[in-house]
Amino acid sequence: MRCDLQATANRAFRIVWDRGHTARHVGFENPVASAATWNAWPRFAGVALLLVTLGCMVVPTWACEICGQPTLTLADRIGQADVALLARWVSARAEKGNQGAVSVFEVVDVVEGSADVVQAGKTISLPGFHGGEKGALRLLTAAVEEGQKIRWGEPLEITEACWKYAIEAPDPEAEWAERLLYYFQFLEHADVLIANDAHAEIVNAPTDDIARAAAELGPDRIRRWLESPRTPAVRKGAYWVLLGFCGDDGDAERLEERVQAESKNLRLGLQGLIFGYLQLTGERGLSVVVDRYLAKPTDADATNELGDALKAVIWCQNNGNRGIPDQSLQSALRPLYVHPAHGELVITTLARWKDWSLLEELVEKYGTTGFEAASTRRCIARYVAAATLDRVETQVRGGQKTEVVLPHVATAERCLDQLKQRDPKLVEAAIKALQAEAAEAADAAKE
């Protein structure tokens with residue numbers, strides 16, 4: 001039942017690198033939102049791999065971040081545990097004197113593979129005080145440690161219908177197409193635990209798989225959910241994304257009205273709304289987003305609309321660019337490299353996109369007002385160093401493949417020499433870190 005931890009660690013490392021130096025785990029802030037993401041990469045990646053290696057429950061690093069906040073789902077909990085079962089709460093005793101706190105549960109049902117450890121109808125005692133009502137159902141998961149010692153996790157409230165939904169779900173190692181079709185059935189289910197978990201599975205899925213599966217769901221149900229006052233706002237981001245992959249021109253018009261709307265309040269799901277709109281409208285829609293959000297960043301800052309729009313544009317390039325030229329996406333982001341809150345994210349993103357048009361401009365800004373912070377200088381140094389590593393492209397001439405040195409390389413090397421003279425210690429450290437990360441990522445890709 002528990003997944004192969006080493007394989008998971010290797011996969012997490014590769015995907016973290018490919019997704020632009022992002023990593024996350026349960027309870028860990030998503031560093032994509034941080035302007036210093038790239039600079040913090042070694043720390044975040046190390047934590048992610050350590051957690052996986054130790055057997056901690058982790059959420060997937062390939063998730064559709066634009067759909068919402070990735071969450072540990074019931075399938076994750078069950079799949080990553082050695083023991084998983086449904087139990088009824090019997091009693092709980094608080095710590096008293098020399099007696100430690102203990103909670104008693106009656107086992108109702110067990111997941112296949114857990115019966116060797118515990119059987120239905122038996123009672124089990126968990127250390128610690130876990131309150132509840134007589135007969136209340138809980139999902140219990142545990143890891144079996146060396147010497148057959150059982151380490152129980154925190155009991156999770158669950159309903160009988162939710163347990164049935166969880167144990168009948170496809171295996172977490174199954175293809176996402178199969179998994180998504182199962183979870184689509186339970187979006188907006190009457191049992192809120194089921195609906196929330198099904199939504200979380202959509203959020204955790206890779207965007208490309210969501211795009212392929214959206215046609216199976218169809219736009220009609222998505223429109224009803226988006227129009228219903230009963231649909232929680234937190235779920236709408238994912239629904240906008242789904243509609244972006246299967247909607248029509250009428251949907252594009254309705255989404256544009258929402259994209260253009262002015263608001264003084266935080267708008268949940270705005271990233272998904274803008275992303276879905278860009279999927280339906282392409283380059284024309286990008287011009288609308290630039291005019292509404294990116295061209296006037298001060299107006300969009302108060303409710304983080306600028307950050308949401310930036311992330312939607314970035315995610316569009318990485319996941320589902322429908323006819324928007326890379327040059328247009330780069331041009332949309334490029335002016336914001338001077339933004340105090342988002343500049344480092346923009347510089348990092350342009351480096352991932354191999355847009356080296358800011359080389360001389362960034363070196364000129366290095367260490368000046370607004371660019372004097374160590375994290376900003378490190379970000380610029382990494383941008384310039386990365387440009388020197390992107391050296392050649394293969395061209396075919398007369399049926400022969402030839403490696404041609406890219407035109408930006410000479411400028412990049414000159415700029416890097418200038419930075420070494422001005423800030424040798426920081427620049428050398430940035431270069432070594434970048435080279436080490438590139439080597440580690442290359443090794444991981446071979447596995």
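Only the coordinates and a few stated rules stand behind these numbers; no lab work does. Here the structure is a predicted model, which means the values were calculated and not measured. No Cβ is skipped: glycine too gets one built from the backbone with ideal geometry, and neighbour counts run over all protein chains shown.
Points worth noting:
- Residue-normalised convex hull volume from the C-alpha trace of the range 161-208: 67 Å³ per residue.
- Estimated translational D of the range 154-238 in µm²/s (Stokes, Kirkwood radius over Cα pairs; 4 °C; 1.567 mPa s): 95
- Stretching L156 away from V405 to a fully extended chain increases their span by 83.9 nm, per 0.36 nm per residue minus the current alpha-carbon distance.
- The 3J(HN,Hα) values that the Karplus relation (6.51, -1.76, 1.60; θ = phi - 60°) gives for the range 345-361 are, in residue order, 4, 5, 4, 4, 5, 4, 5, 4, 7, 6, 9, 9, 6, 9, 3, 5, 5 Hz. Gly and Pro appear as x.
- Model label zone, Q99; criterion: amide N under 14 Å from point 7 Å along Cα-to-beta-carbon; scope the range 115-133: 128-129
- For the range 78-164, the normalised intensity computed at q = 0.12, 0.24 Å⁻¹ comes to -0.34, -1.25 (log10 of I(q)/I(0), Debye sum over alpha carbons, equal scatterers, no solvent).
- Inter-label distance, nm, simple model (7 Å from Cα along the C-beta direction), E413/D220: 6.4
- Each peptide in 147-155, 263-271 gets a packing score, the mean of other Cβ atoms within 10 Å over its residues, and the list from highest to lowest is 263-271, 147-155.
- Among the GluC sites (Glu not before Pro) found in the range 325-377, those both in a DSSP coil and sparsely packed, with 13 or fewer other Cβ atoms within 10 Å of their Cβ, are E372.
- Put simply, the amide H of D109, placed in the peptide plane, has neighbours under 5 Å in L86, leaving out anything fewer than 5 places away on its chain.
- Gain upon complete extension [K354, T369; 0.36 nm per residue less C-alpha separation]: 2.8 nm
- Here the average projected area of the convex hull drawn through the C-alpha atoms of the range 206-343 stands at 7.9 nm².
- Cβ-derived FRET efficiency at R0 56 Å, V288 paired with K122, nearest 0.05: 0.35
- Stretching K432 away from D171 to a fully extended chain increases their span by 89.8 nm, per 0.36 nm per residue minus the current alpha-carbon distance.
- Stokes-Einstein D for the range 365-447, Kirkwood Rh over Cα pairs, 4 °C, 1.567 mPa s (µm²/s): 90
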